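The structure appears right after this line, and notes come after that.
None of the figures in this text is laboratory data; all of them are computed from the coordinates on show. Here the structure is a predicted model, which means the values were calculated and not measured. Here the Cβ is made from the backbone with ideal geometry for all residues, glycine too, and neighbour counts use every protein chain on show.
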Amino acid sequence: MLLELNEHNLNPRLVEDAVKCLKRGGVLAIPTDTVYCFACDLFNKKALEKLARLKGLKLNKARFSMACFDLSQLSEYTKPIDRSTFKMLNRSLPGPFTFILEASTKIPKLFGSNRKRIGIRIPDNNIFLELVQQLGNPLAVGSIHDEDEILEYTTDPYQIFERFEQELDMVIDGGYGRNVASTIIEVNNGEIEIIRQGIGEL
């Protein structure tokens, strides 16, 4: 299903349809403030397994990020963070960044793995944020791309739909995405390392 949403004038009924799809265990393609991403309910094991298969992985080997509505959800999923790290996150998010932080004990249980770190995303996109807020808990997300290359089909919702129609439960058309990915930043004991420079500038 292809669902058209206007980021600046959201249709509540269509948003509700997308949220119902997520709650049923659907895997969606959703616009962000960078490229489009695959997304599912973080607490739905079958959806997580389906998302992993879509990326050609087993769930315990997948390294999906977690997308929140705001920073208030962090304490459940990450170890306590220091004041300077919180200030950096608060300045940068919502925005085109993925911050890799130390995971709480909840994360390994969700992914059936021994993951000790988790990527955190809060995209600056009204469609995405509304879906997460209405769902009531974070999404598991993975960017749509060929290995490290971002091609046209990863930014055009119609091409995403044509390519993944059989695998996805819904593609949300929020207009063309950007062709540059998020900036990935690893935070470890207050030390910051840029793993991938994307569109976000610290």
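To keep it simple, each residue is scored yes or no on (1) in contact with a Leu (Cβ under 8 Å, 6 or more places away or on another chain); (2) surrounded by fewer than 16 Cβ atoms within 10 Å (Cβ to Cβ).
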residue	(1), (2)
Thr98	no, no
Lys106	no, yes
Phe111	yes, no
Gln133	no, yes
Ala140	yes, no
Gln166	no, yes
Ile172	yes, no
Glu201	no, yes
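Considered as a group, the residues in segment 72-83 that are surrounded by 11 or more Cβ atoms within 10 Å (Cβ to Cβ) and of a type in the set (Ser, Thr, Tyr) include one that is nearest to Gln197 (Cα to Cα), and that residue is Thr78.
When restricted to residues that are among the polar types (S, T, N, Q) and under 19 Å from Met170 (Cα atoms), segment 35-64 contains 1. A single entry from Glu102, Glu162, Glu193 fulfils the requirement of being without any contact (Cβ under 8 Å) to a residue 24 or more places away in the chain, assigned to a strand (DSSP E or B) and either out of contact with any Leu (no Cβ under 8 Å at 6 or more places or on another chain) or surrounded by 18 or more Cβ atoms within 10 Å (Cβ to Cβ) (or both): Glu193. Among the residues making up segment 12-56, those that are under 24 Å from Pro108 (Cβ atoms) and under 11 Å from the mean Cα position of the chain (by Cα) are Cys37, Phe38, Ala39, Cys40, Asp41, Leu42. Please go through segment 4-48 and give me each residue that is assigned to a strand (DSSP E or B) and surrounded by fewer than 19 Cβ atoms within 10 Å (Cβ to Cβ), ordered by number. Selection gives Glu4 alone. Which of the residues spanning segment 174-190 are loosely packed, with under 13 Cβ neighbours inside 10 Å and assigned to a loop (DSSP other than H, G, I, E, B)? Asn189, Gly190, listed by residue number. If the requirement is being among the acidic types (Asp, Glu) and in contact with a strand residue (DSSP E or B) (Cβ under 6 Å, 6 or more places away or on another chain), which of these qualifies: Glu76, Glu49, Glu4, Glu16? Of Glu76, Glu49, Glu4, Glu16, the one residue that is among the acidic types (Asp, Glu) and in contact with a strand residue (DSSP E or B) (Cβ under 6 Å, 6 or more places away or on another chain) is Glu4. Applying a threshold of 6 Å to beta carbon distances and a minimum spacing of six or more residues, or different chains, the list of pairs starting in segment 1-15 at a residue that is free of Cβ contacts under 8 Å to residues at least 40 places away in the same chain and ending at one that is in a strand (DSSP E or B) reads Leu14/Leu3.
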